[in-house]
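Encoded as structure tokens, the structure appears first; notes follow it.
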Amino acid sequence: MMGTPTLDRKLLAILAADMVGYSKAMEADEAGTIKRLKAIRAELINPAISERHGTIIKLMGDGTLVAFDSVVDAVACAAEFQNAVAARNADLPEPERIVFRVGINLGDVALVDGDVYGDGVNVAARLEHLAEPGGVVVSGTAYDHLQGKLDWPLDFAGEQQVKNISRPVRMYRLRLDGKRARRPLLKMIPRWAKTAAASIVALALAGGGVWWFLQPEPLSGKPLLAVLPFNNYGGDEASGRLADGLTEDIITDLARFPEFEVVARNSTEVYKGKPVDARQVASALHVGFVVEGSIQRQSGRVRITAQLIDAKTGHHLWSENWDRPAEDVFAVQTEIAEQVANRLGGGVGLIQEAGRAAAKRKRPENLNAYDYYLLGSEKIEKLTKADDEEAIAFLNRAVELDPGLARAWVELYHAHDLMGVFGVNPESNRKVAADVAERAVRLDPSDAEAHAVFGMSLANKGDMGRGKSEFDTALRLAPGSSEILTFYSGYAARFGEPERGAQMVDKVMRLDPNYPMWASNFFAPAYFMAGRYEDAVTMLERMTPNNYQKWTWVVRSSSLAALGRTDEAHASAMETLKQHPEVTVESMISEPGLSIIERNRFLETMPLAGFPACAKPEALANLAKPVRLPECEAGKAKPLEQP
């Protein structure tokens, strides 16, 4: 038998990039698009590749494949040309902008006739598709070789199952909006001082802190988090007070999230001013995650850094820095505490993402109630009927194992409500949703999201007064929670406050720019009801049509019509009717609980999109309190009033 020829193999960093919206741009202006793309390659991309010693393997019209011997060079090249392209785009009108996505992987590839093949290339290409426009996504293998070698922070973005790759791929998003703050003062500490400090901590743990070692692992299965005292690099008392206040605020804000437990401040105070390894903290406090940070005041400005560390491995999962004027340190303190809390714990926070990843690695027989809750909540966010069915199965298992797990009942509300939206036994599912929401509030009256879902269930039944009261309670419990603000934004117009709803969306965008895709189901209607049609359409671009619900389709079609994009609006309306043939103007304005503001918005915009006005007799029979249009019931017109 003849042996298989030996391939020329090499470990390379592969950068895959392509242009966003290439086909649409070519259709609109082929010659101009080609000219602009060639100019950007010649003036910005190719020089960056050359500077970082990359080799262009192939050009594919709108795409590029580049190989680097160094993964640091690959990521730095991507960051530099993405920032350069963004700066160039800032001065151009929207139709003339060229935007790229980039994916980077470090892997073993086969070199054949000047081309590269293998999973190392395929993963880079898949990650490029998952990157946001103008963004860079890096694989876990690349990330592991970047520690301490890169000026740009990387945010953990979870694990993805990508096409034709059997194993899940860890993803990290490169943060292009600022370099990670340095810690020059730490470098100035002599080795003997670090050793002495470590000895002091060890003595403290051996004395008053010995009980930490005797603590059992948390029985709830929830991850445990410690927030270390923020370091004060300014040295003055004012900076010290700010550091203490920020540490306390972050602990307080994170303690509002039921997804994890937070160690009390008196248990972490022993580490104040001490250079401590996160793994040492994990061993001492039995925590899975550590938040640490620093504050430095200089020339009228305050510079603050924060980072989340996987305490068992020492890997940085997230880092961020802020540079603000120091005039109002309390406003800075509040803003940063809210941002950290939302990034780590709000909605699909990084701690929850890490928990989901860990649950997936376990065998089914080893899963506990909390693991089932995590897996169920992840399935809901896929926004498909099949995933939602799996979510209900996971969550039912969670409450079977732990009937007192309030957060699992909260997620069951979302799952059953969504199933009703998909048209599966709507009345039955909405009744179950209302029952589990009320149960969640009874189990944990301090859970802000439990009050929010109870408020949603009440509003959906037409009880606006109690619904708004529950939402207000949720906001009092967690005033800076992006998740609560998200839910409230979708109902603000129903409470007669459309502008407030849009403002809540604006706040969430500031608190959590990486908001999850499902949030668009709340944000788009909030903007639509406030008359911000362009923002509503932009929101829906983060979703794909297979994630659209009936309201999503109507909001998109009507917003396009209101913007004068008539052809797109009509096409969207036709697709809506294909998916939901029962949709008419009358059916939408007869939805239970709608405010007069919401009804008038549909009346103004739906006819422009081409939706039929009158509900069919069989549809009318299914409406509890139909609101009729004059042209649909001649001589018997009913005024537009609250049903």
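The values are calculated or read from the model by the stated rules, or taken from the named source; none is laboratory data. None of the values given here were measured: they were computed from a predicted structure. Ideal geometry is used to build each Cβ from the backbone, glycine not excepted, and the neighbour counts take in all protein chains shown.
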| remark: Conditions (1) in contact (Cβ under 8 Å) with a residue 40 or more places away in the chain; (2) of a type in the set (A, V, I, L, M, F, W, C); (3) closer than 18 Å to ASP253 by Cβ -> LEU485 fails only (1)
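Every residue, every condition in (1) at pLDDT below 85; (2) out of contact with any strand residue (DSSP E or B) (no Cβ under 6 Å at 6 or more places or on another chain); (3) surrounded by 22 or more Cβ atoms within 10 Å (Cβ to Cβ); (4) in a loop (DSSP other than H, G, I, E, B), yes or no:
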site	(1), (2), (3), (4)
GLY480	yes, yes, no, yes
GLY490	no, yes, yes, no
TYR515	yes, yes, yes, yes
ARG556	no, yes, yes, no
GLY564	no, yes, no, yes
ASP567	no, yes, no, no
| query | Across region 399-437, which residue is surrounded by the most Cβ atoms within 10 Å (Cβ to Cβ) among those that are assigned to a helix (DSSP H, G or I) and of a type in the set (D, E, K, R)? | reply | GLU411
| query | Is it the case that ILE597 is out of contact with any Lys or Arg (no Cβ under 7 Å at 6 or more places or on another chain), within 26 Å of GLY467 (Cβ to Cβ) and touching a residue at least 40 places away in the same chain (Cβ under 8 Å)? | reply | yes
| request: Report those strands (runs of 3 or more DSSP E) wholly inside region 75-185 carrying at least 2 residues which are within 22 Å of GLU51 (Cα to Cα) and at pLDDT below 85. | output: 115-117
| message | Any residue at all in region 546-554 that's of a type in the set (Val, Ile, Thr), under 22 Å from CYS632 (Cα atoms) and crowded, with 16+ Cβ neighbours inside 10 Å? | response | yes
| said: Can you find a residue that is buried (at least 21 other Cβ atoms within 10 Å of the Cβ), farther than 16 Å from ILE14 by Cβ and touching a Leu at 6+ places or on another chain (Cβ under 7 Å) anywhere in region 87-100? | reply: yes
| If the Cβ limit is 7 Å and pairs must be 6+ apart or interchain, which residue in region 65-82 that is farther than 15 Å from PRO153 by Cα and assigned by TED's automatic domain parsing to the domain that holds ILE45 pairs with which residue that is assigned to a helix (DSSP H, G or I) and β-branched (Val, Ile, Thr)? | VAL66/ILE49; PHE81/ILE45
| task | Assess whether GLU604 counts as being at pLDDT 90 or above, surrounded by fewer than 19 Cβ atoms within 10 Å (Cβ to Cβ), over 28 Å from MET464 (Cα atoms) and acidic (Asp, Glu). | result | no
| In region 578-590, is there at least one residue being touching a Ser or Thr at 6+ places or on another chain (Cβ under 8 Å), modelled with pLDDT under 95 and surrounded by fewer than 23 Cβ atoms within 10 Å (Cβ to Cβ)? | yes
| query | For region 492-505, what are the residues that are out of contact with any helix residue (DSSP H, G or I) (no Cβ under 8 Å at 6 or more places or on another chain) and either among the small types (Gly, Ala, Ser) or crowded, with 17+ Cβ neighbours inside 10 Å (or both)? | reply | GLU497
